[in-house]
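Reading through the structure tokens given below for one structure.
The values are calculated or read from the model by the stated rules, or taken from the named source; none is laboratory data. In this text, all values refer to a predicted model and were calculated from it rather than measured experimentally. All Cβ positions, glycine included, derive from the backbone under ideal geometry; neighbour counts span all protein chains shown.
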Amino acid sequence: MKYEEIPEHLILNYEALKIVLFEEIKALFINRPHVLSKWSKFAYQMTKEEILTQKPTEEMRSFGVLISLFTEAFFHQKPITKEMVKEVVSTSGDTIKAFLAGHLYQEFPNVEVKYSVNDTKIEEVLEKDYIVSSTNMDFHLMRDMVTKKNGFKEGETGYLATEIIDNRGNVKGVAELRPHEMQTELTIEQQMWLESLGETLNSLDDLTADLFDLISYLWLTQPKSSDGYIEFHSNDALRLRNIKKRSFAGKEFDYREEDRFNIMRRVAALSSIWVSLGDQTIKIVNTAGLQDSELYKFKDFQKMFEIGKIRVAYDKDTGEAKGIYAVQVRPTSILTPYLEGPKKTLGILDLKVFKYNHSTQRAHKRLTRYLNLQWRIRTARNTLGQPFKVSTLLKEMDFSSRYNGVALRDKFENTLDDLQADGIIKKWLYIDEINEEMVGKRNWVKEYWGKLNVHIMPADYIVKENKKILSSQSDLSHKRIGAPLNQTAAAKEVIRTSAGMAHDQEENLTKFQPENSSKQPITLTPEKMKEALDYLNISIRQAAEEIGVAHTTLSRYIKRENKRQNKKNDEKMLNWLKEKFL
């Protein structure tokens with residue numbers, strides 16, 4: 001049986017369903033030849049057991065899970081057609097990949113450990129050059145707290161603790177670093193995780209704040225397990241930070257283990273922080289000797305992040321554990337209200353914050369976060385022209401005490417110049433011209449310069465995207481893409497959402513009136529392709545699936561990064577343009 005010969009509306013029997021699923025799903029796993037090679041054999045062969053039972057066999061493993069996903073979850077024991085499969089794959093690809101991730105890891109552990117289930121989302125983020133983050137001030141204070149290891153001192157309980165203080169000096173809460181409690185007999189994965197906690201305090205810095213934001217964003221936008229976890233892979237952060245992979249003789253290999261370790265030990269640090277927030281007087285209770293019945297006394301303290309399964313890479317020759325590559329993680333109820341609950345206020349966070357060095361460009365990171373927070377607030381209040389006091393910005397940038405006087409002013413102004421050059425801010429200037437005669441006098445920073453006002457305007461795209469978020473009634477946190485797939489109701493919700501998206505796209509097509517729709521032929525250029533995607537309001541990934549090429553191929557074509565022309569791909573893209581617009 002050939003895939004091309006299967007009609008769109010034919011109700012598929014088991015044998016045809018296998019072929020359709022494989023052919024439609026393979027674009028999602030085009031970067032996994034080890035998976036597609038094995039699946040292809042199962043798709044185009046029928047064993048005696050399959051002929052008798054019309055069901056997948058145990059040896060099919062992940063491919064059998066894929067079949068069951070469609071027959072039991074998406075379409076619970078209902079007739080399925082080729083058209084129905086196409087619709088679900090095109091709109092729920094990320095959900096399918098997330099659901100299969102654990103099964104693929106069990107089946108191909110040595111290979112799959114290097115893959116992130118978030119690849120598509122990270123690709124999308126790199127294209128947009130921003131993520132969304134909570135702009136609630138309490139959320140910002142907790143994120144800021146993880147950057148200040150020097151603020152942690154030994155508290156009454158024996159743990160290292162710090163107060164969470166707002167800009168007015170009010171104590172909003174308390175944070176503690178607490179060691180993880182694990183059972184006596186540890187797995188290799190747990191032992192490695194425990195070892196990564198050894199330098200928890202030293203792991204608190206502005207790179208840790210980046211991971212705080214990234215994990216929160218992925219949890220907000222990516223499919224979740226039935227108990228609320230997403231998978232975070234070290235690749236996700238390394239790609240956003242633009243860390244280079246190892247190379248030798250012109251050939252690129254994997255990331256350095258040291259770079260992975262630097263990411264994962266900071267994730268471990270985040271999972272070691274317990275926070276108590278509230279308007280009440282906060283009392284830290286010594287937990288030593290307490291019985292289970294007394295635990296309510298410190299119910300206000302919660303971890304910020306919970307860790308689930310841990311994914312470790314092993315040397316294929318020696319079997320020795322190399323390092324932690326990924327973990328299941330979820331923010332707890334101390335954070336979730338700011339992401340999807342009643343305190344949710346989302347705004348744009350420029351992606352360049354991840355690329356600034358956390359040691360040498362710390363002020364750049366801190367100021368970017370603060371300004372992005374303020375611009376979301378000020379967009380809502382229509383006060384974007386409101387100036388900032390120099391002293392306020394200095395406090396947020398938190399320069400080392402070794403900078404003072406003229407050196408401090410130079411660092412301040414150079415940082416703003418860099419942010420303007422990098423497109424994070426549109427422009428900045430002092431509202432009043434600086435009286436240079438005041439510079440260098442006694443207490444001039446505090447008494448004169450710190451009181452000056454600075455006008456800072458955000459990049460146009462930040463204002464535009466924040467306005468979209470403000471006007472939207474159904475942003476990222478309202479999408480139910482993270483629902484568990486083993487429940488029929490959840491699968492129906494995925495299908496319902498998918499159908500709605502398909503309907504919206506169809507409406508866009510009916511409204512399209514191309515300027516050359518009469519007689520002029522359509523030509524293929526990167527600019528034309530980008531223009532088409534923008535007009536249709538579809539992602540590179542969705543277009544690539546429709547065209548029949550890898551999303552990375554289409555992305556490189558649009559960015560003019562292809563090293564050599566591929567006539568076959570060019571023909572596919574041109575045919576797609578003609579199909580859409582002629």
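Taking (1) under 27 Å from D119 (Cβ atoms); (2) surrounded by 13 or more Cβ atoms within 10 Å (Cβ to Cβ); (3) at pLDDT 50 or above in turn, E527 satisfies each apart from (2). Among the residues making up the stretch 33-80, a single one is touching a helix residue (DSSP H, G or I) at 6+ places or on another chain (Cβ under 6 Å) and among the basic types (K, R): R61. When we screen K297, K344 for residues that are surrounded by 11 or more Cβ atoms within 10 Å (Cβ to Cβ), at pLDDT below 90 and over 30 Å from L470 (Cα atoms), the only hit is K297. Among the residues of the stretch 210-232, just one is of a type in the set (D, E) and assigned to a loop (DSSP other than H, G, I, E, B), namely D227. The set of residues from the stretch 123-135 being in a helix (DSSP H, G or I) and buried (at least 20 other Cβ atoms within 10 Å of the Cβ) comprises just one member, V125.
Output yes when any residue across the stretch 94-113 is over 30 Å from M1 (Cβ atoms) and outside any helix (DSSP H, G or I), and no when none is. The answer is yes, given that some residue of the stretch 94-113 is over 30 Å from M1 (Cβ atoms) and outside any helix (DSSP H, G or I). D315 meets each of the listed conditions (1) touching a Lys or Arg at 6+ places or on another chain (Cβ under 8 Å); (2) surrounded by 15 or more Cβ atoms within 10 Å (Cβ to Cβ); (3) modelled with pLDDT under 85 apart from (2).
For (1) among the aliphatic types (A, V, I, L, M); (2) surrounded by fewer than 20 Cβ atoms within 10 Å (Cβ to Cβ), each residue gets a yes or a no:
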{"site": "K78", "(1), (2)": "no, yes"}
{"site": "T81", "(1), (2)": "no, yes"}
{"site": "A101", "(1), (2)": "yes, no"}
{"site": "V113", "(1), (2)": "yes, yes"}
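Specify the residue that is surrounded by the most Cβ atoms within 10 Å (Cβ to Cβ); the eligible residues are those in the stretch 532-542 that are over 21 Å from the mean Cα position of the chain (by Cα) and at pLDDT 80 or above. Per the criteria, the residue is A532. Here S134 fits the description: within 19 Å of the chain's Cα centre (by Cα) and either over 30 Å from D350 (Cα atoms) or touching a residue at least 40 places away in the same chain (Cβ under 8 Å) (or both). Between E4, E24, the distinction of being under 18 Å from M84 (Cα atoms) and either in contact with a His (Cβ under 8 Å, 6 or more places away or on another chain) or in contact (Cβ under 8 Å) with a residue 12 or more places away in the chain (or both) belongs to E24 only. Among residues of the stretch 400-418 that are within 16 Å of K451 (Cα to Cα) and free of Cβ contacts under 8 Å to residues at least 60 places away in the same chain, those with a beta-carbon under 9 Å from a residue that is among the small types (G, A, S) and loosely packed, with under 13 Cβ neighbours inside 10 Å at least six positions away or on a different chain give the pairs G405/G440; V406/G440. Of all the numbered requirements in (1) closer than 24 Å to L238 by Cβ; (2) in contact with a Gly (Cβ under 7 Å, 6 or more places away or on another chain); (3) of a type outside the set (A, V, I, L, M), N110 misses one, and that requirement is (2). Residues that are of a type in the set (S, T, N, Q) and part of a helix (DSSP H, G or I) were ranked within the stretch 543-582; the one that is surrounded by the fewest Cβ atoms within 10 Å (Cβ to Cβ) is N575.
A quick yes/no check of all residues on (1) under 18 Å from H140 (Cβ atoms); (2) of a type in the set (G, A, S); (3) loosely packed, with under 15 Cβ neighbours inside 10 Å; (4) not assigned by TED's automatic domain parsing to the domain that holds P458:
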residue	(1), (2), (3), (4)
F354	yes, no, no, yes
H358	yes, no, no, yes
L367	yes, no, no, yes
F388	yes, no, no, no
F399	no, no, no, no
L408	no, no, no, no
T415	no, no, no, no
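Across the stretch 30-70, what is the number of residues that are crowded, with 19+ Cβ neighbours inside 10 Å and either in contact with a Phe, Trp or Tyr (Cβ under 8 Å, 6 or more places away or on another chain) or not aromatic (F, W, Y) (or both)? Final tally of qualifying residues: 11.
Within the stretch 145-162, the set of residues being in contact (Cβ under 8 Å) with a residue 12 or more places away in the chain and either assigned to a strand (DSSP E or B) or surrounded by 21 or more Cβ atoms within 10 Å (Cβ to Cβ) (or both) comprises M145, V146, T147, L160, A161, T162.
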